[in-house]
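Written out below as structure tokens is the structure these notes cover.
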Amino acid sequence: MKIIDSHVHVWADERSNWGFDQERTNLLTVKGSAQYLQKLMSENQVAGALIVQPICYRFDHRYLNFILQQYPKIFKGMCLVDLSDSKSPEMLRNFARQGYRGIRINPSLTRDNLLNNEIVRKVLKVCIEFDIAAGFLISPDYFNEIEILLNDFPKAKFIIDHFGRCMATQSSDIPNENFDRLIRLSKFSNLYIKISGWPVSSQAEWPYSDVGRWIKPLIQNFGIENLMWGTDFPFIVQQCGYQQGLELLTRHVSDINEKQLEWLLGKTSEKVFGIWQ
């Protein structure tokens, strides 16, 4: 089985030379180099990963470009552009021509913190033009806006990161309105969900069983081909460990067969981002 980690971030161990955001230097306490990630991947038989440009470098992609050139068979990239800048669609075209496989869309980087605006719409048209994905870092507060965009751009590949930042309830008997709203978005066949960021959504200790019980309804509603596993490295290392982040699916979620695991752990990522050689 080829395993692909659909969501990681990387940064150099030092802040010099790569344009590290001075307001994010706290992240330097987190070991996040690509070399360290590659070591953990190798130890856990993870063949490849999608690197999402981290906020600590903002729109300076020099480090990520360097890593993608150094490890072209292991890593693919998702870029970050200034969505308050009217030139961002052309910036995305340049990244797509360089081989980037997607763009991360964060409402905090848009004008007035809105998703449904002219610039984002132009960016989605570029995504369709180059067949690259749009990954949304959003909370349930933005589900209404993303539903409008999903309706208007049926040919674009949408991804909601980290379960849409839904929060788990302590018991399955307790209603979870936000998770139910996420499930209702399954009517859109061009929407993919990253089953990542478990520790943030959970109110429990590892293995986060309150989040684990989401997997079955996600499969039932979105279909296995629209779900992809990711660790959110390097944060997962401090939260529970990289291996433990993988075992969340391979050992601690019941009723998942081998074929489903193949899609969750790799085939969906390759369907969306292309084949890792």
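The number of residues in the range 208-224 being out of contact with any Phe, Trp or Tyr (no Cβ under 8 Å at 6 or more places or on another chain) and either hydroxyl-bearing (Ser, Thr, Tyr) or not in a helix (DSSP H, G or I) (or both) comes to 3.
Looking only at residues in the range 132-180 that are more than 17 Å from the chain's Cα centre (by Cα), part of a loop (DSSP other than H, G, I, E, B) and of a type in the set (D, E, K, R), the one that is farthest from Leu114 (Cα to Cα) is Asp173.
Any residue at all in the range 158-166 that is at pLDDT 95 or above, of a type outside the set (A, V, I, L, M, F, W, C), closer than 18 Å to Pro140 by Cβ and surrounded by fewer than 20 Cβ atoms within 10 Å (Cβ to Cβ)? Working first, answer last.
Residues of the range 158-166 at pLDDT 95 or above: 158-166.
Going one step further and asking which of them are of a type outside the set (A, V, I, L, M, F, W, C), we end up with 161-162, 164-165.
From what is left, the residues that are closer than 18 Å to Pro140 by Cβ are 161-162, 164-165.
Keeping just the survivors that are surrounded by fewer than 20 Cβ atoms within 10 Å (Cβ to Cβ) gives 165.
So far as the range 158-166 goes, yes, one or more of its residues are at pLDDT 95 or above, of a type outside the set (A, V, I, L, M, F, W, C), closer than 18 Å to Pro140 by Cβ and surrounded by fewer than 20 Cβ atoms within 10 Å (Cβ to Cβ).
Among the residues here, Ile138 does not qualify as closer than 23 Å to Lys187 by Cα, crowded, with 22+ Cβ neighbours inside 10 Å and among the β-branched types (Val, Ile, Thr). In the set (1) over 17 Å from the mean Cα position of the chain (by Cα); (2) surrounded by fewer than 18 Cβ atoms within 10 Å (Cβ to Cβ); (3) of a type outside the set (S, T, N, Q), Gly212 fails one condition alone, (2). The set of residues in the range 225-234 being buried (at least 19 other Cβ atoms within 10 Å of the Cβ) and assigned to a helix (DSSP H, G or I) consists of Asn226 alone. Please determine, by comparing only the residues of the range 235-257 that are touching a residue at least 60 places away in the same chain (Cβ under 8 Å) and not β-branched (Val, Ile, Thr), which one is surrounded by the fewest Cβ atoms within 10 Å (Cβ to Cβ). Per the stated criteria, the residue is Gln238.
For the range 108-120, a tally of residues being surrounded by fewer than 16 Cβ atoms within 10 Å (Cβ to Cβ) and either assigned to a helix (DSSP H, G or I) or among the basic types (Lys, Arg) (or both) returns 5. Counting only residues that are at pLDDT 90 or above, on the phi > 0 side of the Ramachandran plot and more than 18 Å from the chain's Cα centre (by Cα), the range 93-123 holds 0 of them. In the range 235-262, what count of residues is obtained for those that are out of contact with any strand residue (DSSP E or B) (no Cβ under 7 Å at 6 or more places or on another chain) and assigned to a helix (DSSP H, G or I)? Number satisfying all stated conditions: 17. Can you name the residue in the range 181-191 that is touching a residue at least 12 places away in the same chain (Cβ under 8 Å) and over 15 Å from the mean Cα position of the chain (by Cα) and, of all such residues, is surrounded by the fewest Cβ atoms within 10 Å (Cβ to Cβ)? The extreme case among them is Ser189. Filtered by the rule that a residue be of a type in the set (Asp, Glu) and touching a Phe, Trp or Tyr at 6+ places or on another chain (Cβ under 9 Å), the range 248-270 gives a lone residue, Glu270. Could you say whether any residue in the range 199-211 is at pLDDT 95 or above, of a type in the set (Asp, Glu) and within 25 Å of Thr29 (Cβ to Cβ)? Checking the range 199-211: at least one residue is at pLDDT 95 or above, of a type in the set (Asp, Glu) and within 25 Å of Thr29 (Cβ to Cβ).
The values are calculated or read from the model by the stated rules, or taken from the named source; none is laboratory data. Being a predicted model, the structure only gives us computed values, none of them experimental. Reconstructed Cβ throughout: ideal geometry from the backbone, glycine too, with neighbour counts over all protein chains shown.
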